[in-house]
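J.: Provided herewith is a single structure, encoded as structure tokens, for subsequent inquiry.
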Amino acid sequence: DVQMTQSPSSVSASVGDRVTITCRASQGISTWLAWYQQKPGKAPKILIYGASNLQSGVPSRFSGSGSGTDFTLTISSLQPEDFATYYCQQGNSFPYTFGQGTKLQI
Amino acid sequence: QVQLQESGPGPVKPSETLSLTCTVSGASITNSYWTWIRQPPGQGLEWIGYAYYSVSTNYNPSLKSRVTISIDTSKHQFSLRLTSVTAADTAVYYCARLIRGIERRFDLWGQGTLVTVSS
């Protein structure tokens, strides 16, 4: 299985800050990488797919980059509704696997 | 508007079978990959497997011996069956649509249902 490792596990930030979350795959996955946002008690929501493609309806302050084994999710200017847990997920090979999550706190 | 809704009988006893159903509305059930994902309390996400129009299935090897995912097109539903459950199977179970191809992602999710395994 492809192991996905996110860093940091948690991060504290303020409204207006720029935040970057990193995801590393245990082997090359090309750009088969998606990012999800999950709020407490809710299902995950797709933000980014194909490493850098913004899902329709997702604000443009979210962006993704990377290929191979190293990927980043950047939120350019944090808004109050962005405080949540973020997960990366590889879609290169089955079983599809997720990172352990990064909790973004105020 | 596409919606997914999980349903199930509630708590399950150890060694018994967990059965959940996901009802799909607003989308064709015959040309998509339907999947189950679970999340133990306070933990991360685990992909369980998918079914595609009764043509193919693919399961996580960690669960493969105990899992069956099936589709009932007449009811617009797909189901999860997990046998011989233990406390480690306690989790929120989500149904989701998997987009394959070059835009692969889980694009639609149900709200999730908590299944507790306890005697």
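J.: Which of rounded, prolate, oblate describes the range A:61-106, given a ≥ b ≥ c as roots of the alpha-carbon gyration tensor eigenvalues and a/c under 1.5 marking rounded, otherwise prolate only if a/b is larger than b/c?
T.: The shape class here is oblate.
J.: Charges at C-beta only: +1 for Lys and Arg, -1 for Asp and Glu. How large is the resulting dipole of chain B about its Cα centre, in Debye rounded to 20?
T.: 160 debye
J.: Specify whether the C-alpha gyration tensor of the range B:71-112 places it in the rounded, prolate or oblate class, a ≥ b ≥ c being the square roots of the eigenvalues: rounded for a/c under 1.5, otherwise prolate if a/b is larger than b/c and oblate if not. Could the numbers behind the result be given before it?
T.: Numbers: a/c = 2.28, a/b = 1.45, b/c = 1.57.
Oblate, since a/c reaches 1.5 and b/c is not below a/b.
J.: Right, next: Above 22 angstrom, tally the Cα pairs of the protein assembly as shown and express them as a % of all pairs, no decimals. Working shown, then result.
T.: Details: 12766 of 25200 pairs.
So the portion of pairs separated by more than 22 Å is 51 percent.
J.: How far is it, in nm, from the label point at residue B:70 to the one at residue A:11 when both lie 7 Å from their Cα along the line to the Cβ?
T.: Once both label points are built, they end up 4.6 nm from each other.
J.: Cα gyration tensor of the range A:1-99, axes a ≥ b ≥ c as square roots of the eigenvalues: rounded (a/c below 1.5), prolate (a/b > b/c) or oblate?
T.: prolate
J.: So which of A:42/B:64; A:45/A:103; A:42/A:103 end up more than 18 Å apart by C-alpha?
T.: Table pairs above 18 Å Cα-Cα are A:42/B:64.
J.: What is the magnitude of the charge dipole of the protein assembly as shown about its Cα centre, with +1 placed on the Cβ of each Lys and Arg, -1 on the Cβ of each Asp and Glu, and no other charges, expressed in debye to the nearest 20?
T.: Taking the Cα centre of the protein assembly as shown as origin, the dipole is about 100 debye.
J.: Give me the mean projected area, in nm² to one decimal, of the convex hull enclosing the Cα positions of chain B.
T.: One quarter of the hull surface, i.e. the mean projection, equals 7.3 nm².
J.: Two-decimal Rg/Rh of the range B:42-103 from alpha-carbon positions, Kirkwood Rh?
T.: Over the Cα atoms of the range B:42-103, Rg/Rh equals 0.97.
No lab work stands behind these numbers, since they all come straight from the coordinates. Values in this document were obtained by computation on a predicted structure and should not be read as measured data. Heads up, the Cβs are rebuilt from the backbone with ideal geometry, glycines too, and the neighbour counts pull from every protein chain shown.
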